[in-house]
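All remarks here apply to the structure that follows.
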Amino acid sequence: MTTVTAKAPAPDNTLLFAPTTVAGLRLRSPFVMAPMTRLRSPGGVPTAEVAAYYRRRAAGGVGLVVTEGVYVGHPSAGHESAVPRLVPESATGWRAVVEAVHAEHGLIFPQLWHLGSEREPVDGRTAWTPSGVRENGAPRGRAMTLSDIDTIVSAFAASARLAHRLGFDGVEIHAAHGYLLDEFLWPATNRRTDRYGGPARDRARFVAETVAAVRAATAPDFPISVRFSQFKERDYAARITDTPAELGSILAPLVAAGATLLHASGRRFWEPAFAGSPLNLAGWTKRLTGLPTITVGSVGLRRTTLDPAADHPGSLAALAARYRSGEFDLVAVGRALLANPSWVHDVAHGRHERVVDYRKEQEDVFF
């Protein structure tokens with residue numbers, strides 16, 4: 001007698017590619033194009049090539065495009081001349097980008113950015129930082145005064161106001177990865193003794209004031225995403241909080257200020273944020289705040305992870321299972337979209353043979 005072993009049912013990834021509505025945004029899919037610096041906007045102005053680049057990713061199935069980091073309108077924001085800025089002088093270029101993405105039925109947010117201590121003094125300007133030091137205590141830039149803080153809050157608000165006028169579908173505030181707003185959240189770089197330093201809730205004050213100013217400069221229902229992280233580009237082991245309770249103390253002021261979506265940046269989406277729970281950073285964020293969240297981190301970098309039988313915590317099946325469970329609401333894909341503009345459509349329809357594995361040199365790809 002022959003024994004027939006029943007095959008396990010194929011994982012159901014259907015929901016992961018279905019239309020969804022999150023934070024008032026009607027999206028063709030839960031996939032978000034993650035922000036990635038491109039350095040293709042001479043003089044800070046996006047070109048027709050930039051518009052075409054984002055249009056191809058929208059056409060490829062992402063529901064929401066979050067642009068590369070965009071400098072707000074203050075000289076301290078950044079030093080790279082080819083990073084785009086969101087200022088009146090760049091308005092025509094940005095309007096073309098928005099129209100290109102909308103033509104493909106996608107939605108788009110600009111990611112508003114200030115480099116903080118990462119700004120290089122190539123033009124003689126000193127970096128603006130929370131405390132005038134790096135995480136190791138070495139001097140870096142100058143500590144911002146209360147007037148400086150007001151100035152930068154106003155710069156974020158002005159860029160958001162322009163984004164709203166140009167037809168963007170929302171904005172994202174970059175408070176992650178060791179740049180200015182994140183440096184206020186991080187106790188290693190925030191050594192202030194005034195109301196912007198000390199306990200977690202006070203370290204979040206500058207970010208919360210920025211969110212509130214952006215809300216006041218736009219509209220009551222204009223979506224505002226805040227991207228934050230534990231890790232930094234210069235320190236993968238860094239943490240802004242050590243416990244869920246401390247994380248809640250940082251996030252609560254952002255919610256009260258008017259944030260509608262939280263983009264919890266992790267290096268690998270399958271890694272737990274805190275010991276004792278499998279929830280990732282987006283999962284804990286959603287549990288603590290009740291707001292919808294975006295997860296991100298090494299999604300789809302290898303074609304083998306797309307195989308329904310892939311036995312890996314970073315597989316597509318594992319991602320879909322977490323999504324179905326409600327751990328997070330949207331999924332950001334970054335590097336996989338560089339060489340694969342149609343990654344979402346190809347994966348959704350099982351065309352895995354078309355997907356190219358990520359390689360470092362693809363970071364120079366721009367098509």
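Read-outs throughout are calculated quantities, based only on the coordinates presented, and are distinct from any laboratory measurement. A quick note: this is a predicted structure, and the numbers were derived from the prediction, not measured. FYI the Cβ positions are ideal-geometry reconstructions off the backbone, even for glycines, and counts take in every protein chain you see.
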_Between segment 163-177 and segment 288-329, how far is it from one alpha carbon centroid to the other, in angstrom?_
25 Å
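For A157, what is the net charge nearby, where nearby means another residue's Cβ is under 14 Å from its Cβ and Lys, Arg count +1, Asp, Glu -1?
Counting the neighbours of A157, the net charge comes to +1.
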*Packing-based ranking, highest mean first, of 325-337, 272-284 given that Cβ atoms within 10 Å are counted*: 325-337, 272-284
*D (Stokes-Einstein, µm²/s), Kirkwood Cα radius, segment 30-172, 1.306 mPa s at 10 °C*: 101 µm²/s
*Taking every eigenvalue of the Cα gyration tensor of segment 226-358, multiplying by 5 and rooting it, what semi-axes result, largest first, whole Å?*
28, 15, 14
*Under 1.5 on a/c is rounded, so check that first for segment 246-319, then, if it is not, pick prolate when a/b is larger than b/c and oblate when it is not; a ≥ b ≥ c are the square roots of the alpha carbon gyration tensor eigenvalues.*
prolate
*For segment 128-272, what is the largest minus smallest coordinate of the Cα atoms on each principal axis, given in angstrom and ordered from greatest to least?*
42, 40, 24
*asked:* So, R0 is 25 Å and r is the distance between the beta-carbons of E80 and R191; what FRET efficiency does that work out to, to 0.05?
replied: 0.35
*For the residue pair A103 and S147, what label-to-label distance in nm results when each label sits 7 Å from Cα along the Cα-to-beta-carbon direction?*
4.7 nm
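Counting only other residues whose beta carbon sits under 15 Å from that of A339, what net charge do I get with K and R as +1, D and E as -1?
Here the count lands on +4.
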*asked:* Once the convex hull of the alpha carbons of segment 171-228 is built, what does its volume come to per residue, in cubic angstrom?
replied: 75 Å³
*Can you tell which of I108, I173, I152 shows the greatest fluctuation in a Gaussian network model of the chain with Cα springs below 10 Å?*
I152
